[in-house]
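Asks: Structure provided below as structure tokens; questions to follow.
The values are calculated or read from the model by the stated rules, or taken from the named source; none is laboratory data. Computed from a predicted model, the values in this text were never measured in an experiment. Cβ placement follows ideal geometry from the backbone for every residue including glycine, while neighbour counts extend to all protein chains displayed.
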Amino acid sequence: MALKKTKRKAFNFLRSYYDVYNQLKSESDKLKFLEAILNKQFLNEDPINLEFIPKLCYESQRHAIESSVKGWLRVNKTDNMVGLVIDPTTNPTTNPTTNPKEEEEKEKEEGEEKEEYTYFTHESFLIWFKECRSYLGLQYNVRRLSTMEKQLFNELKDYTKEDFKLAFKNFSSDKYWSENNLLIPKHFLNQEHFTKYLNAQVKKELTLGEKLMGKT
């Protein structure tokens, strides 16, 4: 079977994908759900003619999947994921002075660097988070993220800054607002909470955080 041509080397397989996958009973539905994710992430191909159940599962993760794809395209300054691949059955010409293991590690590091899509560092996130809390009338004097919060933050690297804004904006609606949940960033950075706020259907007239989109 011929290899599918893609320039992308890797993507983050989110916990939410795995949770949805494990809810599926049929092996056929599981395979179709995974194939839809893989073809979108590596080829930017939208699923066509998915059956009802795998389609529902894919739609529940569409925002995260498309954010990952858009981030890769933006970072790599391209609108095309399809490119040449090396056929593993051939012997490509190599530089005899190059250590294959070192080359592999270098490519891995470069790939990981390109996967940083949020355009936030830990420090800039804290500044942004403090501004958001200030808008809601809350003070925040913590100077650094805890080890747990850094880990949670790193798990959200597929999301863009606009995703962060929208998630906080929806959180600040009357439907979800709770001062206790913003005493520390850990609640907001938890992926389960973050995706819930990001995908929330919030009525505009109930939203307290309308100005956040333009302010932060």
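Asks: Please go through the range 30-49 and pick out each residue that is in contact with a Phe, Trp or Tyr (Cβ under 8 Å, 6 or more places away or on another chain) and closer than 25 Å to residue 79 by Cα.
Replies: 33, 34, 36, 37, 41, 42, 47
Asks: What are the pairs with Cβ atoms under 9 angstrom where one residue, in the range 161-172, is in contact (Cβ under 8 Å) with a residue 12 or more places away in the chain and the other, located anywhere, is β-branched (Val, Ile, Thr) and in a helix (DSSP H, G or I)? Sequence gap at least six, or different chains.
Replies: Within 9 Å, the pairs are 167/195.
Asks: Another question about this same structure. Taking the range 43-62 only, how many residues are touching a residue at least 40 places away in the same chain (Cβ under 8 Å) and either farther than 15 Å from residue 11 by Cα or not assigned by TED's automatic domain parsing to the domain that holds residue 80 (or both)?
Replies: Matching residues across the range 43-62 total 1.
Asks: Looking at the range 34-43, can you tell me whether even one residue there is more than 27 Å from residue 190 (Cα to Cα) and part of a loop (DSSP other than H, G, I, E, B)?
Replies: So far as the range 34-43 goes, no, none of its residues is more than 27 Å from residue 190 (Cα to Cα) and part of a loop (DSSP other than H, G, I, E, B).
Asks: If I filter the range 2-12 for residues that are assigned to a helix (DSSP H, G or I) and either closer than 27 Å to residue 164 by Cα or aliphatic (A, V, I, L, M) (or both), do I get at least one hit?
Replies: no
Asks: In a loop (DSSP other than H, G, I, E, B) and modelled with pLDDT of 80 or more: is that true of residue 90 in this structure?
Replies: When the stated conditions are applied, residue 90 does not pass them.
Asks: From the residues in the range 120-145 that are part of a loop (DSSP other than H, G, I, E, B) and of a type in the set (A, V, I, L, M, F, W, C), which one is modelled with the lowest pLDDT?
Replies: 142
Asks: Filter the range 174-211 down to the residues that are modelled with pLDDT under 75 and of a type in the set (Ser, Thr, Tyr) and list them by number.
Replies: 176, 178, 207, listed by residue number.
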